[in-house]
Amino acid sequence: MRTAYSVETVRAAERELMDRLPDGALMRRAAAGLAATAVRMLGWVYGARVLLLVGGGDNGGDALLAGALLARRGAAVTAVLLSPDRAHPGGLAALRAAGGSAGPAAAVSGRALVADLVLDGITGIGGSGGLRPEAAELLARLEARRPGAAEPAVLAVDLPSGVDADTGEVPGAAVRATATATFGAYKPGLLVDPGRQRAGTVRLVDIGLGPHLPPQPDLLALQHSDVARLLPLPSPESDKYRRGVVGVAAGSARYPGAAVLAVGGALRGGAGAVRYAGHAAEGVVAAHPETLVSGGAPREAGRVQSWVVGPGLGTGAEAERAVAQVLEADVPVLVDADGLRFLDPGQVRARRAPTLLTPHAGEAAALLDVAREAVESERLVSVRELARRYGATVLLKGSTTLVASGGRPVRVNPTGTGWLATAGSGDVLSGLAGSLLAAGLDALDAASVGAYLHGLAARLAPEPCTAVEVAAALPSAWQQVRATAGTD
Ligand SMILES: NC(=O)C1=CN([C@@H]2O[C@H](COP(=O)(O)OP(=O)(O)OC[C@H]3O[C@@H](n4cnc5c(N)ncnc54)[C@H](O)[C@@H]3O)[C@@H](O)[C@H]2O)[C@@H](O)CC1
Ligand SMILES: Nc1ncnc2c1ncn2[C@@H]1O[C@H](COP(=O)(O)OP(=O)(O)O)[C@@H](O)[C@H]1O
Ligand SMILES: [K+]
């Protein structure tokens, strides 16, 4: 399990740790880890040209101290000081003593900006808002290299400057890093888009913070072994009913494919049987003869241990009735796509059994009555707010899939791929997660295990994949998780 902690929590843990250590020890640990990462990225040190972008806080101090370590090993290190009068004095003295040079941004020539490696120490967890104009200008100068000049690798110190550490928001100019060396704990902004895309490969540098962090993180990402533990497996006593029956109320005469895809996902999620209720029964049976179909309303479909409602359901009165009937059932319910249009927060909150909502950014925006762009730039805030408003578990789909449920840490899915952005793949996910609900997983686990297997299946499917191929690759994803559990 990979965990991430908010700035507030990291700062509290750092204070506790600093009280037990000599002055400056923590920063020296951070700088040593940073310099080691830099050496690994460069592949050599002697004669390497290293450029430090140094802000006025401790993030700049880390960069200066790491620069001093590299200079001592023969690197040519130049520091650009964005706030010369506030640059970390100890770091600056160490760099100069090691033979490095430092000067204000305005005095740095274009030539000095040519480097093999850039260390971004403009801001870390103390940064707020987009980068200020001087830092943004410096970045623009760096990016406007001479034509043909090699692109330097960029190593972000703690996190890429301009990325909000707590949310992953990128409110203005921000560094685009090749890699990030982050200290003590992952910060949510390194795992959630758009910040995640700015961070490159993230390496956690141990500075001894672990024992001072609380047991509950703010964000977590499951790994193979966590998912393997949660997968519902049949026991010798199992029969199809005990394994769970999932009901799928999806598709319509106009959108029969959504029903086929949702059932395809549901058949591969661990439930023992799938019941289908709706107007696409013929297509569903043709594609999946093992489905128990009925052409009627969900109420008439027979007993189930969970319902999936919404994909391709349409927007008419009949669709609305199907959603209402499903929500009246005292079993876990997953609402997706068209089903989300008919939700009343009060009704959802009043349910005794769990409700799982699976909107994409556009649907989440409609539920929150904000613009889609606002959801995409503030994914973490949006998913938490939806979960709060509906008293439900919410899975927000997209470039970073997030799942929020009450006061528990938000889960971030690490397995996604852009190839999943293909029509119908969300229908497969809703069937899959609904099946995991029927098999007995709680809503947070069903959603996060579903997203994990779904993302992995898309990676295993032929490239470029269709939604049908994602569903077909689910057994391989499931097997890979089981086979490699414990080795990650
Ligand atoms: N607190 C600790 O114990 C440790 C902190 N460490 C480092 O210290 C960092 C935090 O240091 P600080 O609290 O000094 O904060 P930062 O260095 O992250 O940022 C503060 C500085 O950035 C400027 N700034 C803020 N927003 C800006 C923006 N949008 N554009 C340009 N400049 C901006 C501020 O004016 C201030 O000078 C961590 O990210 C980490 O790199 C490490 O040395 C490990 C130990
Ligand atoms: N850029 C992306 N990177 C990774 N996954 C994505 C991206 N865009 C969409 N996805 C995933 O693809 C699926 C699309 O679902 P959805 O938007 O409901 O589409 P549809 O309604 O066509 O099925 C979701 O699982 C979502 O998380
Ligand atoms: K930084």
Listed peptides 444-455, 344-355, 231-242 by packing density, highest first (mean Cβ within 10 Å): 444-455, 344-355, 231-242
Per-pair calculated FRET efficiency, R0 = 45 Å: T417 and R111 via Cβ, rounded to 0.05: 0.65
Distance-filtered residues of segment 342-360 - backbone nitrogen under 19 Å, label point 7 angstrom along R389 Cα→Cβ: 342-351, 355-360
Most positive-pole-ward Cα, A371, A451, Y390, against dipole of segment 345-466 from beta carbon charges: Y390
Percent of beta bridges antiparallel (DSSP, segment 224-484, rounded to nearest 5): 25 percent
Gyration tensor verdict on segment 173-233 (Cα atoms; rounded if a/c is under 1.5, prolate if a/b is larger than b/c, oblate otherwise): oblate
Antiparallel bridges, percent of DSSP beta bridges restricted to segment 2-219 (to nearest 5): 5 percent
0 to 90° range, to nearest 10: angle between helix 467-484 axis and the chain longest Cα axis: 70 degrees
Whole-angstrom gap from segment 19-40 to segment 363-383, using each part's C-alpha centre: 38 Å
Tensor-based shape of segment 224-484 (alpha-carbon gyration tensor, a/c under 1.5 rounded, otherwise prolate or oblate): rounded
Shape category assigned to the chain from the gyration tensor of Cα positions, a/c cut at 1.5: prolate
About the Cα centre, charge dipole magnitude for the chain (Lys/Arg +1, Asp/Glu -1 at Cβ), debye: 880 debye
Helix-only mean residue ellipticity at 222 nm for the chain, each DSSP H run of n ≥ 4 adding -39500 (n - 2.57), per residue, nearest 500: -12000 deg cm²/dmol
Share, in percent, of DSSP beta bridges within the chain that are antiparallel, nearest 5: 15 percent
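Quick note: the coordinates plus some simple rules give every number you see, no bench work behind them. This structure is a prediction, so every number in the text was calculated from the model and none was measured. Cβ coordinates were reconstructed from backbone atoms using ideal geometry, including for glycine residues, and neighbour counts include every protein chain displayed.
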